[in-house]
Amino acid sequence: MSLNSTLKNIQSWSIKQSLEHSKRTVVISFILTIIFSYGLRFIIIDDDMMKMLPKKLDSRVSWDLIQKEFGSTESIFIAFGNRNKNILNQEALETSWRLAEELEKLNSVQNVISISTKTRVDNIDDFLEINQLQESKNLDKSQILSIKSYLNENEKLKKQLISKNGSYLLTIVHPDTIIGLDGFRDDVVGACTKVLEKYEVHYSGTAYITGSIPQLIRKDIRVLILIGTAIMIFVLMINLRNIMGVFMVLIVIILSMISMLGSMGWLFKFTNSDKFLFALLNTSMPIILLTIANSDGVHVVTKFFKELRKTKNKKKSLNTTLLSLQLPIFLTSITTIGAFLTMVFSPLEPLVGYGICISIGIAYAWLLSSITLPALMNMYNWNTESPSLNKEGPFEIFVNYLSRIVLKNPKLLFSLGVLIISISSIGVLKLNVDVNLSSFFKPKTEIRDSMDFMDEEMAGTMDLRIRIEGDMRDPQLLKKIDSLQTFIGNNKTISLTNSISDVVKQMHYTFMNDSLKYKTIPNTKAKINNLFTMYDLSGNSEDLSYLVNQNNSVGLVSSLSSTMSTDQVFYFIENITQYINLKFSEFDSINITGIIVVIRDLVILIIQSSFISIALSLIFVIVISSIFFHSILWGILAATPLTGSIILNFGLMGFFNIPLNHITAILSSIIIGVGIDFAIHFIAKYRNLQREKIKENLTQETFKETGYPILLDAVSNMGFGALLFSSFIPVQFIGGLMILAMFSTSFGTFIILATLVELFQNKIKKNQ
């Protein structure tokens, strides 16, 4: 049995279900949706950047290894104080103590680093003594002066705990690794709110940002769906002028959305895979599916209304509509699914889940539009005398006018389109890739202001971690680590570095009565062991657990910096890698990770993902279209408006300095997935008219039949504009660019595709 005959048999069966078993079809659809909806309870919102990386990537492996050996590498930074007021006073130090007490009570907290929990090393009668830097909650003047003096002698410790202007104290909180970061963030903020009511407070750190995003995502989803739906309903009402018609399209959209989100929950429950976590980039999913499901429904409803205007017979009009549209809608759904399923080959974990789940939603939208929607329409008693069914809408009138202009000036308009695309290609060369977290949030928002504050006033929050295997009491290795810290610190953006070598130098300096010439690594292992013996006898060896493992065979070098640009990140990591390869060549295992390396790796993976997605999507569209239309030429023509739209969008991103990141990287798949509908419906109708032996004004007739639903589809898809109201700047960019993409792909179909069809009519006839 041939493909065509198989498809016709399926079509006959589906039409029968819609028109002869309407109630049963509707009931089954609602039952399936209820099953999908149960999966909503399993959705987990998580935007941990590390989970975006493949589990076998070196930086991800190193991160997981460091987490296992040294505890959580995530943290919340809390800076509190009052501007232009000295923070080292009795009241502030008491507050810091109370804050640490409150935080340590929380089950979600692993440990707290602050002025009240830090230790100091003193020489008492030629013996090292380890004491608390802040001895008690209530301090006298001499104790406060002692703290000030010690901090002034220990520059690194001072940088870590106190702002540059001396007006703010810093507390760093690490989470229990089994606790979700959103819950951890809420616990920490709750404790701070209780204690720090008299102070200006700033929060930052990857754990705070990651923990804050779920709240913003939940808010975004609610607001964006409402706005997107409202825009779509408004446009549809103006043009369809029929409440029931709009309502039925809306049913398709809502049920499709439930299936998509529910499938994500079910897949996460059964796989427990990071791929199916709901991350920041998934925020656009509901709006995208809204537009795709809307497209299918709009084509069915507008065609039905047009046929009902002619025949006044509901069943006959529905039968004609389904015979005309089921296969094109099937083809658009297949190509759209194919475009999004190319994300499965993305090296970014969440993009894989994005592609799979939205494909499920698209498949369900096709099923609903092809079978359930006609069944609903068949159950309703339509008023054939209604103005909405008897008069052309404004878009129909406009399309008829537009067709005459296009077909009178095909060469001129085609040349204009080519010129615009050529200019846009220059902008593509200016496109930059950036994963700067601060740029994700609007200026003047609490998160953005706090991130900027940490960069300007504190030591920053971007971390670099280097794991080194070796004997951490070997003087030669410790000297190499010290040199590595110096090398890292020479970068102007680096404000602070830490390692076990700092502790050894401090102990040596203190033991030798604060003589600066002894602020060095001792030359023998015996001396180093002696220092650690005194440390262990006087203090708690676990104080160093964040720097070395239990048997001193692994050490951790960490640094903090202010926010870096992508270029700075690449230059920085490259230099460090070269230095390590040169100076640590005898060591087998040195691992580099941290948020700085994650940004580097994300940039590389984003570029890979974008190229893979564009190439595979376009190839898939061309191949599938060629198979269904029995011509490679038609396959190429179907992809032409999409290619132009992609170049135009990325060109504008380059011209207006809109960065490519893990969120905007999905643009190409969205453009292809949403925009392919227009070209396929145009080509399908053109070929149908050819088979009906219409010779004259073939392109114009195609325009009349498909132009209205295409334009209505594009304009009603201005629901993408809802994304402009997102809390996240990259999502806003997607909204603005997709509005442009709707116009560029629809008018690209009207102008580029239509003019090409008109110019190459003879060639097309030969290929039939």
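Values quoted throughout were computed directly from the atomic coordinates according to the rules given, and no laboratory measurement underlies them. These numbers come from a predicted model, not from an experiment. Heads up, the Cβs are rebuilt from the backbone with ideal geometry, glycines too, and the neighbour counts pull from every protein chain shown.
Observations
- Options [x] 178; [y] 287; [z] 186 - which one matches volume of the Cα convex hull per residue in Å³ as calculated here: [x]
- The packing ranking, built from the mean of other Cβ atoms within 10 Å per residue, places the peptides 289-298, 150-159, 48-57 in the order 289-298, 48-57, 150-159, highest first.
- In Hz, Karplus ³J(HN,Hα) per residue of the range 265-281 (6.51, -1.76, 1.60; θ = phi - 60°; x = Gly, Pro): x, 4, 5, 5, 4, 7, 10, 6, 9, 4, 4, 10, 6, 8, 9, 4, 5
- In the range 75-204, taking the dipole from charged Cβ atoms about the Cα centre, the farthest positive-side position among Ala79, Trp97, Ser136 is held by Ala79.
- The trypsin sites (Lys or Arg not before Pro) of the range 366-468 meeting both criteria, a DSSP state outside H, G, I, E and B (loop) and at most 13 other C-beta atoms within 10 angstrom of the site's C-beta, are Lys391, Lys430, Lys444.
- When the chain is described by a simple charge dipole with +1 on each Lys and Arg Cβ and -1 on each Asp and Glu Cβ, the residue from Ile251, Tyr168, Ile356 located farthest towards its positive end is Ile251.
- Helix 698-716 axis, angle to the chain major axis (alpha carbon atoms, nearest 10°): 40
- Rounded, prolate or oblate (a/c below 1.5 giving rounded, otherwise prolate when a/b exceeds b/c) for the range 293-408 by Cα gyration tensor: oblate
- Look at where the Cα atoms of the range 11-70 and of the range 510-585 average out, and the two centres are 45 Å apart.
- The range 314-340 and the range 446-477: distance between their alpha carbon centers, rounded to Å: 56
- The eigenvalues of the Cα gyration tensor, multiplied by 5 and square-rooted, give the range 80-195 an equivalent ellipsoid with semi-axes of 26, 17, 13 Å from largest to smallest.
- Net dipole in debye of the chain [+1 Lys, Arg Cβ; -1 Asp, Glu Cβ; about Cα centre; nearest 20]: 4020
- Of interest is the spacing of the C-alpha centroids, which for the range 122-141 and the range 589-644 amounts to 61 Å.
- The range 341-438 shape via C-alpha gyration tensor axes, a/c threshold 1.5: oblate
- Karplus-derived HN-Hα couplings along the range 516-531 (A = 6.51, B = -1.76, C = 1.60, θ = phi - 60°), whole Hz, x at Gly and Pro: 4, 5, 9, 7, 9, 7, x, 7, 10, 5, 4, 5, 5, 4, 4, 5
- By the rule of a C-alpha distance below 12 Å, with chain neighbours fewer than 8 residues away ignored, the aspartates and glutamates paired with Lys55 are Asp64, Asp274, Glu349.
- Computed from the C-beta positions of Lys105 and Lys583 and an R0 of 51 Å, the FRET efficiency is 0.70 to the nearest 0.05.
- The chain: angle of helix 206-240 to the longest principal axis, Cα-based, in degrees nearest 10: 20
- Per-residue extension of 0.36 nm, minus the Cα-Cα distance of Leu407 and Val344, leaves a gain of 18.6 nm for this segment.
- Among the listed pairs Lys68/Lys525; Lys105/Lys198; Lys156/Lys442, those beyond 30 Å (Cα-Cα): Lys156/Lys442
- Relative protection proxy for 362-370, 524-532, from highest mean packing down: 362-370, 524-532 (other beta-carbon atoms within 10 angstrom).
- Nearest-ten-degree value, helix 500-511 long axis tilted from longest Cα axis of the chain: 20
- Per residue, the chain reaches -21500 deg cm²/dmol at 222 nm when only DSSP H runs of four or more residues are counted, each adding -39500 (n - 2.57).
- Ordering of 243-249, 89-95 by packing [mean C-beta count within 10 Å, highest first]: 243-249, 89-95
- Placed amide H near Gly470: partners under 5 Å, 5+ positions off or other chain: Val554, Gly555
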